[in-house]
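Worksheet for the structure shown next.
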Amino acid sequence: SSHFGSSVSPHELRAFWCQPVLLALLHPEAMGSGASATVKDKAVELLGPKLCKGGEEIDTAAAFEGKKAVALYFSAHWCPPCRGFTPKFADFYKNGLCDKGLEVVFISSDRDEESFKEYYGEQPWLALPFSAREKKAELSKKFKVEGIPTVIILNAETGEVITKDGRSAVMKDPTGEKFPWIPPTFQEALGEKFMKGDAVVGKEAVEGKTLGLYFSAHWCPPCRAFTPQLAKWYAGIKGEVGDKFEIIFCSGDRSEEDMKSYYKEQCDAGGDWLCLPYEAKDNLDPLFEISGIPTFLIVSPEGKVINASGRGLVPSA
């Protein structure tokens with residue numbers, strides 16, 4: 001019942017991989033030709049009937065055989081960050097990612113076909129034909145692409161989104177040790193240790209609690225304005241909520257020293273909540289697609305978002 005390209009949580013993705021229905025996807029010959037055809041049909045539905053491979057056109061239906069993951073690479077020659085990232089990505093692809101089962105499809109935002117051809121000439125993978133402008137717009141809308149370069153990683157068998165932050169995944173793991181970069185579950189990303197003032201506490205500090213995840217940084221003026229309001233609100237509700245609720249500071253600070261100094265300010269203002277260790281500070285960002293700060297999310301103990309606009313709960317915020 002999955003649609004090619006639709007998004008699922010990492011937990012659901014893992015659960016799916018455990019289902020017997022995967023026999024049809026991993027071993028279509030065991031189920032007759034229908035199962036294999038369905039996967040190919042979904043690829044064609046997503047990307048259209050033809051893709052470019054160098055100077056040739058190939059059938060989309062046959063483009064991903066034997067591949068584990070497909071990276072949709074939204075990029076353009078006129079974009080400086082794209083021109084910086086493309087050669088690195090191409091090297092990683094040629095030096096191991098391709099052999100590990102990654103295929104890449106360049107989705108161009110170039111302004112004309114000549115620019116597309118020149119830029120694609122530097123790339124070693126597949127591309128959506130430049131003439132398929134409607135399909136390009138459809139893909140940008142489907143995956144909510146707001147800027148470039150963007151790399152969306154899909155499961156090649158199911159078409160499910162593995163991660164919308166493929167660029168970070170590739171840059172952090174250019175040799176593909178963790179390929180296909182299935183994001184950690186909420187509990188894995190949360191980790192086992194937290195700062196609590198000057199002390200370090202374990203998972204028991206959050207066990208079974210509704211959580212407020214506070215994404216913030218000292219260099220951000222709106223964060224510095226909101227933090228005292230949040231600390232005052234937290235100090236006021238603590239007696240009422242007891243051990244049913246806790247806040248975790250997820251720092252966007254640029255150094256460990258900055259983070260610790262800002263966290264001390266929070267504690268001194270009455271916000272003596274928990275803090276992710278510096279090495280784990282970014283772990284939750286991709287799970288909740290954090291794109292700006294300050295962000296204050298209320299989530300269940302399992303990591304399900306209860307209130308995406310937690311700032312609205314805090315007076316004067």
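The values are calculated or read from the model by the stated rules, or taken from the named source; none is laboratory data. Being a predicted model, the structure only gives us computed values, none of them experimental. Note: ideal-geometry Cβ built from the backbone for every residue, glycine included; neighbour counts use all protein chains shown. What goes into the accessible areas is simple: the full protein's heavy atoms, side chains included, and nothing from ligands, DNA or RNA. Shrake-Rupley method; radii C 1.70, N 1.55, O 1.52, S 1.80 Å.
Here is how the numbers come out for the structure above:
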{"read-out": "Residue identified as over 21 Å from the mean Cα position of the chain (by Cα), small (Gly, Ala, Ser) and modelled with pLDDT of 95 or more among 66, 32, 48, 55", "value": "48"}
{"read-out": "Identity of the residue in region 212-227, in contact with an Asp or Glu (Cβ under 9 Å, 6 or more places away or on another chain) and either open to solvent by 30 Å² or more (accessible area, probe 1.4 Å) or among the aromatic types (Phe, Trp, Tyr) (or both), that ends up farthest from residue 197 (Cα to Cα)", "value": "219"}
{"read-out": "Qualifying residues in region 170-211 (those that are closer than 22 Å to residue 297 by Cα and free of Cβ contacts under 8 Å to residues at least 24 places away in the same chain) - the one least open to solvent (accessible area, probe 1.4 Å)", "value": "202"}
{"read-out": "Matching residues, region 228-261, being in contact with a Phe, Trp or Tyr (Cβ under 8 Å, 6 or more places away or on another chain) and open to solvent by less than 20 Å² (accessible area, probe 1.4 Å)", "value": "230, 234, 246, 247, 248, 249, 250, 251, 253, 259"}
{"read-out": "Pair list, Cβ under 9 Å, 6 or more apart: region 242-258 residue in a helix (DSSP H, G or I), other residue of a type in the set (Phe, Trp, Tyr) and modelled with pLDDT of 95 or more", "value": "256/278; 258/219"}
{"read-out": "Region 182-220: number of residues that are in contact with a Lys or Arg (Cβ under 7 Å, 6 or more places away or on another chain), part of a loop (DSSP other than H, G, I, E, B) and β-branched (Val, Ile, Thr)", "value": "0"}
{"read-out": "Qualifying residues in region 262-272 (those that are assigned to a helix (DSSP H, G or I) and in contact (Cβ under 8 Å) with a residue 24 or more places away in the chain) - the one most open to solvent (accessible area, probe 1.4 Å)", "value": "265"}
{"read-out": "Residue within region 130-137 that is modelled with pLDDT of 95 or more, open to solvent by 70 Å² or more (accessible area, probe 1.4 Å) and among the acidic types (Asp, Glu) present", "value": "yes"}
{"read-out": "Selection count where residues are open to solvent by 10 Å² or more (accessible area, probe 1.4 Å) and either out of contact with any Phe, Trp or Tyr (no Cβ under 8 Å at 6 or more places or on another chain) or over 22 Å from residue 146 (Cα atoms) (or both), scope region 49-84", "value": "23"}
{"read-out": "Failed condition for residue 158, given (1) at pLDDT below 95; (2) open to solvent by 30 Å² or more (accessible area, probe 1.4 Å); (3) farther than 17 Å from residue 284 by Cα; (4) not small (Gly, Ala, Ser)", "value": "(2)"}
{"read-out": "Region 95-117 residues that are more than 22 Å from residue 46 (Cα to Cα), paired with ones that are of a type outside the set (A, V, I, L, M, F, W, C) (beta carbon under 6 Å, 6 or more apart)", "value": "96/175; 96/176; 97/176; 100/176; 115/77"}
{"read-out": "Considering residues of region 288-316 that are crowded, with 16+ Cβ neighbours inside 10 Å and in a loop (DSSP other than H, G, I, E, B) only, the residue farthest from the chain's Cα centre (by Cα)", "value": "314"}
{"read-out": "Selected residue (only one of 257, 289 is out of contact with any helix residue (DSSP H, G or I) (no Cβ under 7 Å at 6 or more places or on another chain), of a type in the set (Asp, Glu) and within 27 Å of residue 163 (Cα to Cα))", "value": "289"}
